[in-house]
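Take a look at the structure below.
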2 protein chains.
Amino acid sequence: MPGFSFEIVASDARARAGVFRTPRGTVETPVFMPVGTLASVKALDPDDLRTMHAEIVLANAYHLHLRPGDSLVRDLGGLHRFMAWDGPILTDSGGFQVFSLASLNSVTEDGVEFRSHIDGSARAFTPELVMQIETNLGADVIMQFDHVIPGQSDHAAAKDASERSVRWLARCRTEFARLRAVDDAPKQTLFPIIQGGIHQDLRRSAASAIRGSGDWDGFAIGGLSVGEGKDSMYAMLDVCDDALPREQPRYLMGVGFPEDLLAGVARGIDLFDCVAPTRMGRNGTAFTGGGRLNLKNAGHRADPRPLDVECGCVACRKFSRSYIRHLVTADEILGLRLLSLHNVHFLIALMRRAREAIRAGTFDAWSRDWLARYHSTSVNE
Amino acid sequence: MPGFSFEIVASDARARAGVFRTPRGTVETPVFMPVGTLASVKALDPDDLRTMHAEIVLANAYHLHLRPGDSLVRDLGGLHRFMAWDGPILTDSGGFQVFSLASLNSVTEDGVEFRSHIDGSARAFTPELVMQIETNLGADVIMQFDHVIPGQSDHAAAKDASERSVRWLARCRTEFARLRAVDDAPKQTLFPIIQGGIHQDLRRSAASAIRGSGDWDGFAIGGLSVGEGKDSMYAMLDVCDDALPREQPRYLMGVGFPEDLLAGVARGIDLFDCVAPTRMGRNGTAFTGGGRLNLKNAGHRADPRPLDVECGCVACRKFSRSYIRHLVTADEILGLRLLSLHNVHFLIALMRRAREAIRAGTFDAWSRDWLARYHSTSVNE
């Protein structure tokens, strides 16, 4: 079984086109990774994901630990078999969820005590337990347990959380190594997460400490797109681009609006994920090359055009805006399914086109043109 | 463009295997027709329907008149294009809905006044308006507007409604003929509906009056499975089997549980429809050869088996009961989609097997064996 590797096949300024190889398949970067929080990309199935050329999907350790339980998933053959997706999977550690979704009780050096958002039951996560959970789930790429703080936290709070995340990484690494010693341990790689809020020095220190603590197959940047301004986010990406080795993939966590994807690619990011395309789809909104469409607007009532005339997804090849608006208005499940499908397809296709532009050495111009049209909304008005 | 015809290719006692030919394709009978009330078979898309070998689907004139409007559907190219289903479609007239779902204001010889179940707006249906709606929608088979009464209505009320339905059929026929004179009128056939509650003489009189009023490409039996006992329903089917010509297809409206399908086939029924498979799917229940499964039951939590080991649907080929239970428990859309898909596939496949048994001359024995296993629940306990 081959391991993990990353190869940069083309660069254009700081943007990169690469190939991330995993034991379960190859991921061409830059790439958008659909989010299947509870082992299902909401409203879609694995065949939908293959049809839209998704190459890697996410799932979430916090959610799957609570429901249906990571031990159960392990007993049923692991996450790939459970959700019938045989390609690469990445699991997030639950760091973000215990600090946002759950009711937090306390954070100590040992770990986090919180209450389940489902039934209020008392729970505790430590770096060691999270490694056990993610090993049980058996994803290909697993994330360290990290300390996540609000986007605009002050320097002292951000420093505390960033440094704790580095210390927790060391514990994750030790436990991860211990769990590898078991005979049938899944072949996985552990990604560290750089925290530090909107403070350049903290991001730089964290990147340096993580680089010095071992060899990693990739690096994640966490704690962005959580309420800070765009300029702050871009400044942090610039720092991380400078502070991280160019030879490994960089994963910008939880960022997935089209304009943010392009800004990230321009700053050397390779991997992205976000619930936005499925969440917006369930709310009746579609991404298009001409901007966002709200299908609830009466203006779409009799519109025979597809959501996006340039999109090749199933929703755009077969159905009109009028039909999809009818489904959304009537609360038909097919409506939110078609919009979710289109939105995820749209982001995957956008990253494929970014990759082509990087290979052609035209990323900057292509990206500017794309954004100008996206913000013009001329297509849809 | 060919017209409508029916050919019986095999008989076994009163059960028949036939071919119902329509301008948009051939339907092998007996057949279960999935219901797409609002121009969408709930949670499924046309590719799903083709994969499970659905040959004809339903939509509903009442619902589509209210939302999005039958004129809009016509302007967008008709129901087939609107919902991206190029096979045969049958529209129900709304008779059942105005007497059940809407708030009824009055029934006169002219028609029915009622309030929309969506916004309470005042509406009126006449046989003529319903023909206009169904012509706008452009389905292949359209149903007459009928007077539907509660299942256990007394003889006087049932006689009144049954005879009114026959008079309304004549008006439907006249308006249907008038609408055919338009240049681009869709190629459609109008099916009469036999009403009469649970009263044998009324069913017989209605069948006789309808037969005497013209040539029909098929006959529907309405107002059953609406609260009367099974014995009453079977007695009415026996009467209708005797009173209807054997050369045309018979459609038993709104009946779709497995045991009722087999009982109907045994009594000479060819076409069935019901919302049960999708509604039950959304509620977490699956049909299986060994009886019904409620996926909400904790007993399925760690069960690696498919819903039905003998089923070839996508849900059964790829996913475990454990995974589907997880999805249902977590309110994931994929869960109700997989259950809806399985249940509709299950009924379509059941009718295909019934057809094979009729052709082999073994329907009665096969049907008994199938029901014994279905009621034993041995497979799933």
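The values are calculated or read from the model by the stated rules, or taken from the named source; none is laboratory data. What you see is a predicted model; the values in this text were computed from it and never measured. FYI the Cβ positions are ideal-geometry reconstructions off the backbone, even for glycines, and counts take in every protein chain you see. Surface areas here come from the heavy atoms of the whole protein model, side chains and all, with no ligands, DNA or RNA. Shrake-Rupley method; radii C 1.70, N 1.55, O 1.52, S 1.80 Å.
Every residue in segment A:31-44 that is surrounded by 24 or more Cβ atoms within 10 Å (Cβ to Cβ) and assigned to a loop (DSSP other than H, G, I, E, B), please. Within segment A:31-44, A:P34, A:G36, A:A39, A:S40, A:V41, A:A43, A:L44 meet the criteria. Scanning segment A:88-113 for residues that are part of a strand (DSSP E or B) and of a type outside the set (S, T, Y), we see that the one that is farthest from the other protein chains (Cβ to nearest Cβ) is A:V107. Within the bounds of segment B:311-328, is there any residue that is over 30 Å from A:L64 (Cβ atoms), under 27 Å from the mean Cα position of the chain (by Cα) and not small (G, A, S)? No - not one qualifying residue is present in segment B:311-328.
Inspect segment B:73-87 for any residue being under 17 Å from B:A276 (Cβ atoms) and either in contact with a strand residue (DSSP E or B) (Cβ under 7 Å, 6 or more places away or on another chain) or at the interface with chain A (Cβ under 10 Å from one of its Cβ atoms) (or both) and give the result as yes or no. No, there is no match, as no residue in segment B:73-87 is under 17 Å from B:A276 (Cβ atoms) and either in contact with a strand residue (DSSP E or B) (Cβ under 7 Å, 6 or more places away or on another chain) or at the interface with chain A (Cβ under 10 Å from one of its Cβ atoms) (or both). Of the listed requirements (1) surrounded by fewer than 21 Cβ atoms within 10 Å (Cβ to Cβ); (2) farther than 26 Å from A:R246 by Cβ, A:G138 misses just one: (1). Within the set B:S165, B:S121, B:S106, the sole residue that is of a type in the set (S, T, Y) and touching a residue at least 12 places away in the same chain (Cβ under 8 Å) turns out to be B:S165. Scanning segment A:199-233 for residues that are of a type in the set (A, V, I, L, M, F, W, C) and either under 17 Å from A:P249 (Cβ atoms) or at pLDDT below 95 (or both) returns A:A207, A:I210, A:W216, A:F219, A:A220, A:I221, A:L224, A:V226. Contact annotation: residue pairs with Cβ atoms under 8 Å, 6 or more positions apart or on different chains, pairing a residue in segment B:295-323 that is in contact (Cβ under 8 Å) with a residue 40 or more places away in the chain with a partner that is of a type in the set (K, R) and open to solvent by less than 10 Å² (accessible area, probe 1.4 Å), are B:L295/B:R321.
With respect to the stated conditions, B:A54 fails to be within 14 Å of another protein chain (Cβ to nearest Cβ) and either in contact (Cβ under 8 Å) with a residue 40 or more places away in the chain or surrounded by fewer than 21 Cβ atoms within 10 Å (Cβ to Cβ) (or both). Residues that are within 14 Å of A:I348 (Cβ to Cβ) and open to solvent by 10 Å² or more (accessible area, probe 1.4 Å) within segment A:1-30 comprise just one, A:E28. Being open to solvent by 60 Å² or more (accessible area, probe 1.4 Å) and out of contact with any Pro (no Cβ under 7 Å at 6 or more places or on another chain) is a property that does not hold for B:R203.
Here segment B:278-307 is the region considered, the condition is being hydroxyl-bearing (S, T, Y) and under 21 Å from B:S376 (Cα atoms), and the residue that is least open to solvent (accessible area, probe 1.4 Å) is B:T288.
Within segment A:61-72, the only residue that satisfies the criterion of being crowded, with 24+ Cβ neighbours inside 10 Å and either facing chain B (nearest Cβ under 8 Å) or touching a strand residue (DSSP E or B) at 6+ places or on another chain (Cβ under 7 Å) (or both) is A:A61. Highlighted here are the helices (runs of 4 or more DSSP H) found entirely within segment A:290-364 that include at least 1 residues which are away from chain B (no Cβ under 11 Å) and in contact with a Cys (Cβ under 7 Å, 6 or more places away or on another chain): A:333-360.
Only residues that are buried (at least 24 other Cβ atoms within 10 Å of the Cβ) and touching an Asp or Glu at 6+ places or on another chain (Cβ under 7 Å) were counted in segment A:347-361, giving 1. Where residues in segment A:113-132 are surrounded by fewer than 24 Cβ atoms within 10 Å (Cβ to Cβ) and aliphatic (A, V, I, L, M), which of them is nearest to A:A170 (Cα to Cα)? Top of the filtered list is A:L129. The residues of segment B:141-156 that are open to solvent by less than 40 Å² (accessible area, probe 1.4 Å) and either charged (D, E, K, R) or over 21 Å from the mean Cα position of the chain (by Cα) (or both), listed by number, are B:D146, B:S153. So which pairs qualify, if the first residue must be in segment A:257-277 and among the acidic types (D, E), the second must be at pLDDT below 95 and in a helix (DSSP H, G or I), the Cβ gap must be under 6 Å, and the two must be at least 6 apart or on different chains? Matching pairs, first to second residue: none at all. Give the residues of segment A:59-80 that are part of a helix (DSSP H, G or I), without any contact (Cβ under 8 Å) to a residue 40 or more places away in the chain and not acidic (D, E), sorted by residue number. Listed by number, the residues that qualify are A:H63, A:L72. Assess whether B:V309 counts as being out of contact with any helix residue (DSSP H, G or I) (no Cβ under 9 Å at 6 or more places or on another chain), under 20 Å from B:L338 (Cα atoms) and not charged (D, E, K, R). The answer is no for B:V309. Out of all the residues in segment B:190-201, which are in a helix (DSSP H, G or I) and either touching an Asp or Glu at 6+ places or on another chain (Cβ under 8 Å) or farther than 19 Å from B:I269 by Cβ (or both)? If the condition is that a residue be in a helix (DSSP H, G or I) and either touching an Asp or Glu at 6+ places or on another chain (Cβ under 8 Å) or farther than 19 Å from B:I269 by Cβ (or both), then B:D201 is the only one that fits.
Residues that are under 15 Å from A:R14 (Cα atoms) and open to solvent by 10 Å² or more (accessible area, probe 1.4 Å) within segment A:213-251 comprise A:Y234, A:A235, A:D238, A:D241, A:D242, A:A243, A:P245, A:R246, A:E247, A:Q248, listed in sequence order.
For segment B:230-238, indicate whether the set of residues that are part of a loop (DSSP other than H, G, I, E, B), within 19 Å of B:R267 (Cα to Cα) and among the charged types (D, E, K, R) is non-empty. No, there is no match, as no residue in segment B:230-238 is part of a loop (DSSP other than H, G, I, E, B), within 19 Å of B:R267 (Cα to Cα) and among the charged types (D, E, K, R). Of the residues making up segment A:161-189, those that are assigned to a helix (DSSP H, G or I) and open to solvent by 70 Å² or more (accessible area, probe 1.4 Å) are A:E163, A:R167, A:R173, A:T174, A:R178.
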